[in-house]
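Please treat every number below as a calculation from the coordinates, not as lab data. Remember, it's a predicted structure, so these values are computed and weren't measured experimentally. Virtual Cβ from ideal backbone geometry, glycine too; neighbours counted across all protein chains shown.
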Amino acid sequence: MARAPELDWLRHTAGVLALRDRAVIAVRGDDALEWLQGQMTNDLKGIAPGNSVYGFVLTLKGRVMADAWVLGGADEIWLDVPSTEVDRLLERLDRYVIMEDVDLAHRPELRLLTAQGPKADEVSPEGWPSDRLGSGGRLWVVDEAQLEPELHRLTERCRSLGGGPIDEQAWADAHVAFGRPRFGVDFGDWTYPQETGLAPVAISFTKGCYVGQETVVMLQSRGKAPKVLWRWAIDGIEPPEGKTPIERDGTVIGEITSAARLEDGIAALGFVRRGHESGSGAGFVIGGAPARPLGPVEEGPGIGRSST
Amino acid sequence: MLNLTPRAADKVKEIRDAEGLAGQGLRVRVIGGGCAGFSYDLFFEDETSELDQTFVSHGIPIYVDMMSAQYVEGTEIDYVEGLQGAGFKFVNPQAKQTCGCGSSFAT
């Protein structure tokens, strides 16, 4: 269970952690930005050193291959991506470098630190904006040798603001509590971008073409996504496992992707199949326990739409 | 090898003359991006390099760099007009998939 102070820090001050499941890919060359614009779902136009943009890299068929924070730099652009996807991403991205002046490289010596919460910018002014829970955030890239000293420095700074360190379990639980889906847990190459609920922060519908865009536009203009992530409250004792069915009046209408035991009960994220989104909110059962839908991720606090 | 249809060649000449670029060739390039992964790029150019393949189709010099050439070998470029617009259309035998607007393709 996430300890109360950690969620309070993330909601009201700031919490610090090393993002040990993320890695850095460097993109450099005269054509880097223009080329990358054709690979990402969000608009990178005008990105400058110190700016960041969140988006997805899609498969050719329009599913989410990875999420990425694009970090503008003076000499090269950095992509903050899931560590598990580095090799696949390098292969996928390199395939679309033809004659452009673009070089791609994994930078394993670079590590990522973040502060999340409304006072994240006060922890340290350098780095990039990176709001990962909907309450404000900042990201720093450091050499591996500096990871622990810098984590210590940022943590002490955070404590002086009334916050503190966030451990891995609390970080995972915070995503459920805030309603912010995680790549590899709640979405991945089995989901279309609009299914994640992250479209408002990850997709530009006016930027022009990018790999996988046609599927995204068709989903947007011709109909609804096959399933959509929702936030749930469950009157159970233990958090349900991933893939636990969501039932309504005896019919399976979706499945859980992640869950956490919070101070005020069990919270979860889970997909609802198209056609089952509406209704009074009664009659839902998850893992044998009564459950209440709290609303779609897209309208929730995880993307800054309302308070937790 | 890459060809223009007579209609496409006429349009290329018309545009080239209108822009005062008489004598320049047509650069055909493949770039990464676009809905289906790769996109076509066309522009006039008067310089070639040793890495270029050069063709002449209906009097229009066509330049293709060696990397792009492997993606457009055998392509015919047509010019089409319709109610929804007009433009150059690529008929590429290597394209296994194209996007709706036809400006990008996958191999």
Counting other C-beta atoms within 10 Å, and keeping those with at most 15, which DSSP coil chymotrypsin sites (Phe, Trp or Tyr not before Pro) do you find in the range A:200-308? A:Phe205
Find, among the GluC sites (Glu not before Pro) in the range A:171-262, those assigned to loop by DSSP (not H, G, I, E, B) with at most 13 other beta-carbon atoms within 10 angstrom. A:Glu241
Please rank A:Val86, A:Val252, A:Val27, fewest neighbouring Cβ atoms within 10 Å first, as an exposure proxy. A:Val252, A:Val86, A:Val27
Compute and list, largest first, the equivalent-ellipsoid semi-axes of the range A:182-303 from the alpha carbon gyration tensor, each √(5λ) rounded to a whole angstrom. 27, 15, 12
For chain A, what is the relative contact order in percent, using Cα pairs closer than 8 Å and at least 6 residues apart in sequence? 21 percent
Within 10 Å of each Cβ in A:204-212, the average number of Cβ atoms from other chains: 3
Calculate the length of the line joining the C-alpha centroid of the range A:251-284 to that of the range B:26-90, in whole Å. 51 Å
When B:Ile15, A:Ile77 are ordered from fewest to most other Cβ atoms inside 10 Å of their Cβ, what list results? B:Ile15, A:Ile77
Test of understanding: given chain B, find the longest segment containing no GluC sites (Glu not before Pro) that are in a DSSP loop and have at most 16 other Cβ atoms within 10 Å. B:74-107
In nanometres, what is the gap between the two model label sites at B:Gln94 and A:Asp87, each 7 Å from Cα along Cα-to-Cβ? 2.8 nm
What trypsin sites (Lys or Arg not before Pro) does the range A:63-95 have in DSSP loop regions with at most 16 other beta carbons within 10 Å? A:Arg95
What ranking do A:Leu112, B:Leu2 get, fewest neighbouring Cβ atoms within 10 angstrom at the top? B:Leu2, A:Leu112
For the range A:184-308, calculate the relative contact order in percent as a whole number, restricting contacts to Cα pairs under 8 Å that are 6 or more residues apart. 28 percent
Inter-part distance where the range A:60-78 and the range A:154-233 are each reduced to a Cα centre, Å: 14 Å
